[in-house]
Structure formats: structure tokens, C-alpha cells
1. Kindly rank 70-77, 95-102 from highest to lowest mean number of other beta carbons found within 10 Å of each residue.
2. Which ³J(HN,Hα) values, rounded to whole Hz and listed in residue order, are derived for the range 114-119 from phi using the Karplus coefficients 6.51, -1.76 and 1.60 in 6.51 cos²θ - 1.76 cosθ + 1.60 with θ = phi - 60°, glycine and proline given as x?
3. Set the Förster radius R0 to 35 Å, insert the Cβ-Cβ distance between residue 79 and residue 134 as r into 1/(1 + (r/R0)^6), and round the FRET efficiency to 0.05.
4. Give me the distance in nm between label points sitting 7 Å out from Cα along the Cα-to-Cβ direction at residue 100 and residue 157, one decimal.
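Taken together, the values in this text are just the output of simple stated rules run on the coordinates, not laboratory data. The structure displayed is predicted, hence computed values, not measured ones. With ideal geometry, Cβ positions are generated from the backbone for all residues, glycine too; neighbour counts draw on all protein chains shown.
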Amino acid sequence: MQLANHFLIAVPAQAPSMFSGSVVYITEYNPHQGAIGVIINKPISQTLMDMFNEIDIAQYNPNWAGNRLYLGGPVKAKNGFFLRKTIDYKNNTYELTGNQDLLAELGKNKSDLFMSVGYSEWSPMQLESEIGRNNWLVIKGNDNLIFNMDPAIRYSEALKLAGVNDISSLYFSGDVFA
């Protein structure tokens with residue numbers, strides 16, 4: 001099972017949690033080391049300028065100043081992280097980093113910027129276990145859902161990409177890969 005460059009779509013659960021209604025982009029995966037990802041559909045009320053007033057975001061790219069910040073997950077929730085395209089452009093994958101030195105590179109390339117506070121992490125075999133319990137649908141990642149879509153509809157659009165048009169049909173058993 002390869003989960004990097006895939007989205008996890010939370011299946012409705014009885015107990016609400018941070019991940020209820022979430023779409024998570026998985027940036028790193030290794031069955032022996034676990035997984036790292038970032039929630040892409042839970043914006044917080046602050047913009048990049050609000051949160052990082054000690055950094056002049058506009059110096060990197062003036063269009064970024066008003067970008068929304070997202071709740072990326074419970075790990076290091078007071079730190080900022082951003083998605084950056086990896087060297088492997090063929091697979092269109094992103095890495096999650098907190099290295100501010102890379103912002104200048106992103107700004108020069110006029111790259112889209114997705115920035116979160118915190119990220120999500122799973123220990124070895126934890127995510128596989130959650131998928132096996134039907135806590136997540138898994139679909140291939142794509143740029144459009146991360147960068148070009150209103151965060152308010154990312155969950156419903158991700159469900160559509162998984163072939164789910166009626167949320168009540170999510171109560172099932174068996175394989176959950178789209």
C-alpha cells in the first residue's frame with residue numbers, strides 16, 4: 001500500500017474529533033516509520049500576515065499576504081508548515097516543511113502556497129489499521145483540491161472524487177480505495 005501523494009477522507013464517525021469532516025494530504029509514508037500529512041480543508045481565522053507578523057510574507061510573493069492558514073493537525077500546532085513541490089515533478093508530489101529559507105524559492109517560482117499550523121502524524125501501522133476499520137477513504141492526490149478549490153467544499157469534492165455522491169453510502173465494510 002502506497003499512501004504518499006494521496007488524500008485521506010474522513011468517514012463520518014459517532015465520536016467527533018479534529019479529523020471529523022477532514023481531508024488530509026499525505027506527504028510521507030513508510031509502513032515501518034508511519035505517515036505524515038496535513039489537513040487541507042480546515043482554515044483558521046488568521047492569515048499569513050496575522051500569524052507571521054515577524055516575517056514579511058509579501059517580500060516572497062505579494063499574493064501570499066492574504067492567504068489563509070489551515071489547521072494541519074495536532075502535532076506541533078504552534079509551528080507553521082507549508083507544502084512545497086518535490087524534485088519528483090512527474091508524480092506531482094509535495095513535501096511538508098517548516099524551513100522558511102525555502103519560501104524565497106517558492107516566491108521566485110510563483111508557486112501556490114499552502115500553509116498550516118501543525119501537521120498530522122501516524123505511527124507505524126496505525127494508519128493502515130484506521131483504514132482497515134473504514135475510518136478513511138483513500139484517493140490519489142491532486143493540486144486542484146489543495147490550491148484551487150474553496151476550502152468549504154473540499155470535503156464534498158473529495159468525496160465526489162472517491163465516487164461518493166451520497167454521504168449516507170459511506171457506512172459500509174470492505175476495501176475503501178478509490
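1. Details: 70-77: 18.4, 95-102: 13.8.
Taking the mean over residues of other Cβ atoms within 10 Å, the ranking is 70-77, 95-102.
2. 10, 10, 10, 9, x, 8
3. Numbers: r = 32 Å, r/R0 = 0.90.
Efficiency computed from Cβ-Cβ geometry: 0.65.
4. Label at residue 100, label at residue 157, 3.1 nm between them.
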